[in-house]
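**Student:** Encoded as structure tokens, here's the structure I'll be asking about.
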Amino acid sequence: MWFWFAILSAVFAALTSILAKVGIEGVNSNLATAVRTVVVVVMAWGMVFLTNTQNDLTQISTKSWIFLILSGLATGASWLCYYRALQIGEASKVVPIDKLSVVITLVLAFVFLHEEFTAKSLVGSILITAGTLIMVL
């Protein structure tokens, strides 16, 4: 099941980039990010109430709170930078560079989460990086 959610995530991420590029025209990138964030917040809380999981809020540990907040700050910083880059650059160049996050995630997962970094991971990372360079140059 995770695979299908990952595929849907990729499809929606692609739609996000195209819709954002059209929607951000003539709008301050920070304001556009704020509007997008409000929509995401409403949608996320809607899912919480739809699935009746709002009572689980009290079960979140302090450690989880800290890391979820840090993740939210990283997401916010990423979105602000992404929208600014998308506003002043071409989507066909901004998006591939943004997707270098895959390579960065693999390295960070290896360093901080002690996940396995295999020869296959290395080759994939090199190919993603090379592919990104080819698309943006």
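The values are calculated or read from the model by the stated rules, or taken from the named source; none is laboratory data. Keep in mind that what you see is a predicted model, and the values were worked out from it rather than measured. Because the Cβ atoms are built from the backbone with ideal geometry, glycine has one as well, and the counts that use them run over all protein chains shown.
**Student:** If Glu116 meets every condition in (1) surrounded by 11 or more Cβ atoms within 10 Å (Cβ to Cβ); (2) not in a helix (DSSP H, G or I); (3) not aliphatic (A, V, I, L, M) apart from one, which number is that one?
**Tutor:** In the conditions (1) surrounded by 11 or more Cβ atoms within 10 Å (Cβ to Cβ); (2) not in a helix (DSSP H, G or I); (3) not aliphatic (A, V, I, L, M), Glu116 misses (1) alone.
**Student:** For Ile134, indicate whether it is without any contact (Cβ under 8 Å) to a residue 40 or more places away in the chain and within 28 Å of Thr33 (Cβ to Cβ).
**Tutor:** Details: without any contact (Cβ under 8 Å) to a residue 40 or more places away in the chain: yes; within 28 Å of Thr33 (Cβ to Cβ): no.
So Ile134 fails the test.
**Student:** Determine the pairs where a residue that is among the acidic types (Asp, Glu), located within the range 107-128, has a partner that is outside any loop (DSSP other than H, G, I, E, B) with Cβ atoms under 7 Å apart, the partner being 6 or more residues away or on another chain.
**Tutor:** Glu115/Ala109
**Student:** If you go through the range 87-113 one residue at a time, how many are more than 20 Å from Phe12 (Cβ to Cβ), of a type in the set (Lys, Arg) and part of a loop (DSSP other than H, G, I, E, B)? Reasoning before the result, please.
**Tutor:** Looking only at the range 87-113, we keep the residues that are more than 20 Å from Phe12 (Cβ to Cβ), and these are 87-90, 93, 103-104, 106-113.
Narrowing the set further to residues that are of a type in the set (Lys, Arg) leaves 93.
Of the ones still in play, those that are also part of a loop (DSSP other than H, G, I, E, B) are none.
Counting residues in the range 87-113 that are more than 20 Å from Phe12 (Cβ to Cβ), of a type in the set (Lys, Arg) and part of a loop (DSSP other than H, G, I, E, B) gives 0.
**Student:** Could you please find all residues in the range 16-35 being within 20 Å of Ala77 (Cα to Cα), part of a helix (DSSP H, G or I) and without any contact (Cβ under 8 Å) to a residue 60 or more places away in the chain?
**Tutor:** Thr16, Leu19, Gly23, Ser29, Asn30, Leu31, Ala32, Thr33, Ala34, Val35, listed by residue number.
**Student:** Is it fair to say Gln59 is at pLDDT 95 or above and loosely packed, with under 10 Cβ neighbours inside 10 Å?
**Tutor:** Details: at pLDDT 95 or above: yes; loosely packed, with under 10 Cβ neighbours inside 10 Å: yes.
Answer is yes for this residue.
**Student:** Next question, about the same structure. Checking the condition among the hydroxyl-bearing types (Ser, Thr, Tyr) and under 24 Å from Val136 (Cα atoms), which residue from Thr62, Thr16, Thr53 passes? Reasoning before the result, please.
**Tutor:** Values: Thr62 fails: under 24 Å from Val136 (Cα atoms); Thr53 fails: under 24 Å from Val136 (Cα atoms).
Of the residues listed, the single one that is among the hydroxyl-bearing types (Ser, Thr, Tyr) and under 24 Å from Val136 (Cα atoms) is Thr16.
**Student:** Separate question: I'd like the full set of residues that are small (Gly, Ala, Ser) and either touching a strand residue (DSSP E or B) at 6+ places or on another chain (Cβ under 9 Å) or closer than 17 Å to Leu108 by Cβ (or both), limited to the range 53-71.
**Tutor:** Applying the first criterion (small (Gly, Ala, Ser)) to the range 53-71 yields 61, 64, 71.
Selection gives Ser71 alone.
**Student:** With the checklist (1) at pLDDT 95 or above; (2) under 26 Å from Asn30 (Cβ atoms) in hand, flag the one item Lys120 doesn't pass.
**Tutor:** Condition (2) is where Lys120 drops out.
**Student:** Can you tell me which of Ala91, Ala109, Ala74 is at pLDDT below 95 and out of contact with any Leu (no Cβ under 6 Å at 6 or more places or on another chain)? Please lay out each step first, then the result.
**Tutor:** Details: Ala109 fails: at pLDDT below 95; Ala74 fails: at pLDDT below 95.
It is Ala91.
Yes/no matrix, rows are residues, columns are (1) without any contact (Cβ under 8 Å) to a residue 24 or more places away in the chain; (2) of a type in the set (Gly, Ala, Ser); (3) part of a helix (DSSP H, G or I):
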position: Thr37; (1), (2), (3): no, no, yes
position: Asn52; (1), (2), (3): yes, no, no
position: Asn55; (1), (2), (3): yes, no, yes
position: Leu68; (1), (2), (3): yes, no, yes
position: Gly72; (1), (2), (3): yes, yes, yes
position: Ala85; (1), (2), (3): yes, yes, yes
